[in-house]
Amino acid sequence: MTGRSNPKLAHDIAKILGQEVHEPISVFSDGEIRVRIPVSMRNKHVFIIQPTAPNANDSIMELVLMIDAAKRSSASAISAIIPYFGYSRQDRKEMPRVPISSSLVAHMIVNAGATQILTIDIHSQQQQGFVRIPWDNLFGSYAILPIIKSQKIKNLVVASPDKGGMVQATGYARLLRADDVALVYKVRDVAVNDKSETSAMIGDVKNKNVLLVDDVISTGGTIVNAAIFLKQMGAKSVRLAIVHGVFAADAASKIKHPAIDEIYITDTVQQRPEILGIKKVKVASIAPLLAKAINRIQSGGSISRDLIL
Ligand code: R5P
């Protein structure tokens, strides 16, 4: 089943698996979401594919309602496949009197009846411990790496736009046999939404081809500031590898900045034509990875074996 956030991805996965997809969502005139599953779910393993973007709140509501419908229809197992897990950046109390939103969303999903969660590049992997059901996390690098490898980029340095992304950056560097890694220093005022600044870096990017990696691009502030800074520090080229292309606010125009040479994203979030029309944006599909994962989950195979790059 799929909701309205990325039906294309669900259909691409189903095509690989030779399965049908049900789209059970409609909306009442007052805006309430209605779910009606057209076929029997009794004793079935149901896979619900629903990233929680571009509209985080509606997508989450659709997701929990679909899970509830499947549970009340006697499904034997319900896997919530959430390629992009919105709210996952709110995974801790970074100041007093704030919720841990990601934990709450995870609990809503479990309380609705999910028996398993599968995500791609969750913002921090410790979140898997928020709930007591299996939560597998795969990586979008599985889809992006072959494209980058095929370019045979010389003098490569992999950079992270903040310290939280260093694990991801070193992973890419290892798999691409990069010359080095670099870290751009980002300062964010936690009291202000969506604002960050770049002021320093560790590493040497002079005359290097830089691959700047991140889990998500939202307003584009983080990554565009980092790309401009890397060019000022002498980088020859800056390519971006970002798993989740949320492209909120004016990100679509920000990423056109000439400091960025190419942008690789995946289809965890369904892209607007406005983004797809930007020549330097290349989209790698996550559907083959998710199709393999679904197959393994259903047949009792290993998820980690050769699916984690
Ligand atoms: C932060 O820790 C994340 O990994 C991203 O770098 C950040 O949230 C992206 O947001 P924005 O595009 O709005 O700067």
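Assorted remarks:
- In order along the stretch 202-219, the Karplus-derived 3J(HN,Hα) couplings, from 6.51 cos²θ - 1.76 cosθ + 1.60 at θ = phi - 60°, round to 10, x, 10, 10, 4, 6, 9, 8, 9, 10, 9, 10, 7, 6, 9, 10, 10, 6 Hz, and Gly and Pro are given as x.
- Three-way shape label, the stretch 109-220, alpha-carbon gyration tensor, a/c 1.5: oblate
- Kirkwood Rh in Å, taken over all unlike Cα pairs in the stretch 141-285: 15.0
- Rounded to 5, the percent of DSSP beta bridges in the stretch 141-285 classed as antiparallel: 20
- Counting only Cα atoms, the size of the stretch 40-150 along its three principal axes is 47, 43, 26 Å, in decreasing order.
- R0 of 35 Å, Cβ-Cβ distance Q125-S29: FRET efficiency to nearest 0.05: 0.25
- Among the listed pairs K195/K292; K15/K236; K195/K279; K195/K282; K231/K292, a Cα-Cα separation exceeding 30 Å is found for K195/K292; K15/K236; K231/K292.
- Surrounding net charge for K186, when Lys and Arg each add one and Asp and Glu each subtract one, Cβ distance under 15 Å: -3
- Taking the 1.4 Å solvent-accessible surface of the stretch 201-299 as the whole, the part contributed by carbon and sulfur is 53%.
- Each other residue within a Cβ distance under 11 Å of H123 adds +1 if Lys or Arg and -1 if Asp or Glu, for a net charge of -2.
- Farthest towards the positive end of the charge dipole of the chain, among the residues A10, G113, A251, is the Cα of A10, using unit charges on the Cβ of Lys, Arg, Asp and Glu.
- Average projection, convex hull of the Cα set of the stretch 23-69: 3.6 square nanometres.
- The stretch 8-99 pair-distance distribution - Cα-Cα, 5 Å bins, rounded %: 3, 12, 19, 22, 19, 12, 6, 4, 2, 1
- Rolling a 1.4 Å probe over the protein heavy atoms gives the stretch 141-285 an accessible area of 46 Å² per residue.
- Shape of the stretch 1-43 from the C-alpha gyration tensor: oblate (a/c of 1.5 or more and a/b not above b/c, with a ≥ b ≥ c the square roots of its eigenvalues).
- Charged side chains reduced to their Cβ positions (Lys and Arg at +1, Asp and Glu at -1) give the chain a dipole of some 620 debye around its Cα centre.
- For the stretch 176-240, the relative contact order is 33 percent, taking Cα pairs closer than 8 Å that sit 6 or more residues apart in sequence and dividing their mean separation by the residue count.
- Taking the chain and dividing mean pair separation by its residue count, relative contact order in percent (alpha carbons under 8 Å, at least six apart): 14
- Intensity falloff of the stretch 231-309 expressed as log10 I(q)/I(0), Debye formula with alpha-carbon point scatterers, at q = 0.17 Å⁻¹: -0.76
- Highest mean first, the peptides 258-269, 71-82 sorted by other C-beta atoms within 10 Å per residue fall in the order 258-269, 71-82.
- Highest mean packing first, where packing is the average number of other Cβ atoms within 10 Å per residue, the peptides 229-235, 34-40 line up as 229-235, 34-40.
- Helical contribution to [θ] at 222 nm, DSSP H n ≥ 4, -39,500 (n - 2.57), averaged over the chain, rounded to 500: -9000 deg cm²/dmol
- Mean separation of Cα contacts under 8 Å (6+ apart) over length of the stretch 141-285, as relative contact order %: 20
- The stretch 156-192 versus the stretch 99-139: alpha-carbon centroid distance in Å: 24
- Here the stretch 141-285 is assigned +1 on the Cβ of each Lys and Arg and -1 on the Cβ of each Asp and Glu. Its dipole about the Cα centre then comes out at about 540 debye.
- Neighbourhood charge, 9 Å Cβ-Cβ cut-off, centred on E262 and excluding it, Lys, Arg +1 and Asp, Glu -1: +2
- Projected-area average for the chain over all orientations - Cα convex hull basis, square nanometres: 16.5
- Theoretical FRET efficiency, 1/(1+(r/R0)^6), r = Cβ-Cβ of Q151 and Q298, R0 25 Å, to 0.05: 0.10
- Restricting the calculation to Cα atoms, the stretch 148-194 shows an Rg/Rh of 1.12 when the hydrodynamic-style radius is the Kirkwood one.
The values are calculated or read from the model by the stated rules, or taken from the named source; none is laboratory data. Note that this is a predicted model, so its numbers are computed, not measured. Note that each Cβ is placed from the backbone with ideal geometry, even for glycine, and that neighbours are counted across all protein chains shown. Quick note on the areas: whole protein, heavy atoms, side chains included, nothing else; ligands and nucleic acids left out. Shrake-Rupley method; radii C 1.70, N 1.55, O 1.52, S 1.80 Å.
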